[in-house]
1. Label Ala74 and Glu57 with points 7 Å out from Cα along Cα→Cβ: what is the distance between them in nm?
2. For the Cα atoms of the chain, what angle does the longest principal axis make with the long axis of helix 43-54, in degrees from 0 to 90, nearest 10?
3. Relative contact order for the chain using alpha-carbon pairs under 8 Å, separation at least 6, rounded to a whole percent?
4. Have a look at Leu27, Leu63, Leu51 and tell me which one the Gaussian network model of the chain (Cα, springs below 10 Å) gives the largest fluctuation.
5. Can you run phi through the Karplus equation (6.51, -1.76, 1.60; θ = phi - 60°) for segment 23-40 and list ³J(HN,Hα) in whole Hz, with x for Gly and Pro?
6. Out of residues 5 or more away from Ser70 or on other chains, whose amide H comes under 5 Å of its own, with H placed 1.01 Å from N in the peptide plane?
7. Loop sites only, by DSSP: take the GluC sites (Glu not before Pro) in the chain that have at most 16 other C-beta atoms within 10 Å and name the longest stretch containing none of them.
8. In deg cm²/dmol, rounded to 500, what helix-only [θ] at 222 nm does the chain give when every DSSP H run of at least 4 residues adds -39500 (n - 2.57) and the total is split over its residues?
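Just so you know, all these numbers are worked out from the coordinates, no wet-lab data involved. Remember, predicted model here, so these are calculated numbers, not experimental data. Virtual Cβ from ideal backbone geometry, glycine too; neighbours counted across all protein chains shown.
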Amino acid sequence: MYSVFKAEVPVPGCVETEMNEALGRELVAEPRVLICGQALSHCVNFSTRDLLAGWPEGRMGDLGLIKGMSSPVAGFEKQADEFVGMLKEKGVRVVVDGEKI
């Protein structure tokens, strides 16, 4: 279970495993959300994808991935790179080392 928003496999009748809509609404209410953590290939990837599912399309630029504070699980670098590429395509700002946020 990688996402902070929901379980990879929801358990019927267990609301704790379903999408945490309240958390998503709290984050959407913020003017800007910065994302970082371990592991870029798994937890950050799955959590961000769940966040994007409910994020307003016109506000993708209000999300930022601090890439220098995240790293992939060894052996999953390709998945992390694909994830970062997808974020860039959607208009999410990807901040690398030394850039101002």
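1. 4.3 nm
2. 70 degrees
3. RCO, the chain: 27 percent.
4. The residue that fluctuates most here is Leu27.
5. 5, x, 5, 4, 5, 4, 6, 7, x, 7, 10, 9, 10, 7, x, 10, 10, 4
6. Gly37
7. By the stated rule (loop sites, at most 16 other Cβ atoms within 10 Å), 19-98.
8. The helix contribution divided over the chain gives -10500 deg cm²/dmol.
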